[in-house]
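One structure is given here, and the rest of the page talks about it.
The values are calculated or read from the model by the stated rules, or taken from the named source; none is laboratory data. As the structure is a prediction and not an experimental result, all values here were calculated from the model. Note: ideal-geometry Cβ built from the backbone for every residue, glycine included; neighbour counts use all protein chains shown. The area values use the complete protein model at the heavy-atom level, side chains included, leaving out ligands, DNA and RNA. Shrake-Rupley method; radii C 1.70, N 1.55, O 1.52, S 1.80 Å.
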Amino acid sequence: MENKLGVFLVLLSVTCFCKANNTCNVPDTKKSYVTCLAISMAHSVGPCVPPDPSVLLALNLGQVKDPTAQDILIDQLKNDAVDRVSKNASFTSGKVALYVLALRSSCVDPSNISVQQGSINLVQLLENKTREELRAFENGSSPNASVITTWYQVGLDLLGLCTMSSPYTSTAARIVANHTTPEVCGNVDTAAVVVMGLVCVLGMENIPEKTLTEVRTTLSGLLNFILEHQKDGLIGNVYSTGLAGQALFAAEKYFIISWNCSGTIQKVLDLIPNKTFSLPIAAAQVLPFLWGTSYVSVKYLPCPKAQFISVGYTIVNNLVEEYFQYSTIVLVEEGSTLLQVMQKAAELDPNRFSFESKTFTWGVYITAINHLAESTEDKTYWQFFSDTTPLAVGVSSYIPKKNELIIAAFSKYE
């Protein structure tokens, strides 16, 4: 018979409450199990293996680091995201949310992903896709209203938006709180992901009090639903237990929760030698729980402050009338590409520094600057220089140095 434990809807207002995860840890004698599981998961990463954002998330949240695997995954996820968008390939809202969470956990800004093929804003993409998911609910409830994919993905969407402090988070939270019930979620996995999204919202500023009240009420019902599915140390099934444990850890900041945490950890540890979590995705979802953390923690991971550099940028046309020469200095993060320098200049002065481009498999090609376009008939094009030295790589690959002068000159070829 399932062990039905209640959740008290009490927002913690004191600091002396002893949370369960203060005494619910992996025993020292079993920590090697967790380490081996993490190492095995990291070894699944490779240049010929499709990237899994959940794996990068787990590595960044955990106590076992593999810089090589993490660097490979960061590059793969960035390139894959740009490739999917440029080719209009399948990219569900939940998948975008996981990419946002994984890259943010690596201190990579998901709103400014730039690779050789081009640049995208994953946060804006997530906002747009979440709006599409929730459009049927924007004007109130309807018996036929439904999300495009699943509430599991919408829960991830909310968590990703909250992590990036998106302005749309408040609206999304209100809709999710008003329309997700245990019956709608249907299973522990979905309930756990929605819980993490809503818990993240409780930590945000400028959320209307009415929305916060609705969020707390919905959380109470979903937490009870999760706890009702405890049995023999598992919560739901063996593969939902990791997400459920993460959700309960995250919710303990705001609710008094009574659950058999130590029993759940012991059950998971007993299953590790049986290779129950041998698949990378299974390991990735259970490891944060074993480390006493959750996906909600991504929002609060410390990142080094970005270092900014000044780059000079000049565009010159001495070839065709009307002649012009304009110069500016832009401030960009160190490590930014020339394409990002050009984008910044265009933001600051679109009348002079706007440009057009085409994206090819080998990178971005500039076709026009300041409304002056190349011409195959006239054999003209835009050539880029570092001071007087022609650049050997394209604008999406070249990384300017501090105080470097970049010149874009309208030129002619033979």
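Points to keep in mind about this one:
- Put a dot 7 Å past the Cα of Lys267, heading toward its Cβ, do the same for Ser310, and the two dots end up 6.2 nm apart.
- 0 to 90° range, to nearest 10: angle between helix 93-105 axis and the chain longest Cα axis: 80
- Degrees between helix 122-134 axis and first principal axis of the chain (Cα, 0 to 90, nearest 10): 50
- Cross-link table Lys30/Lys253; Lys129/Lys344; Lys129/Lys402, entries beyond 28 Å C-alpha to C-alpha: Lys129/Lys402
- When each of the peptides 322-328, 311-317, 244-250 is scored by the mean number of other C-beta atoms lying within 10 Å of its residues, the order from highest to lowest reads 244-250, 311-317, 322-328.
- Expected 222 nm ellipticity per residue - DSSP helices of 4 or more, -39500 (n - 2.57), all of the chain, to 500: -13500 deg cm²/dmol
- In the full protein context, segment 59-165 carries 42 Å² of accessible surface per residue, based on a 1.4 Å probe and ignoring ligands, DNA and RNA.
- Charge dipole (the chain, unit charges on Cβ, about Cα centre) - positive-most of Gly46, Ser220, Ala192: Ser220
- Relative contact order for the chain, counting Cα pairs under 8 Å that sit 6 or more residues apart, in percent: 18
- Separation of segment 278-340 and segment 254-270, taken as the distance between their Cα centroids, equals 39 angstrom.
- Label selected from (1) 1.01; (2) 1.06; (3) 0.96, the criterion being Rg/Rh (Cα atoms, Kirkwood Rh) as computed here: (2)
- Segment 83-153: GluC sites (Glu not before Pro) falling in loop per DSSP and having at most 15 other Cβ within 10 Å: Glu138
- Sorting Lys31, Lys305 by solvent-accessible area of protein heavy atoms yields Lys305, Lys31, largest first, with a 1.4 Å probe.
- Protein heavy-atom surface of the chain, 1.4 angstrom probe: 51% of the accessible area is carbon and sulfur, with nucleic acids and ligands not counted.
- Within the full protein context, the accessible area of Leu290 is estimated at about 10 Å² for a probe radius of 1.4 Å.
- Accessible surface area normalised per residue over segment 214-301 is 33 Å², counting heavy atoms of protein chains with a 1.4 Å rolling probe.
- Helix 280-290 axis versus longest C-alpha principal axis of the chain: approximately 60°, rounded to the nearest ten.
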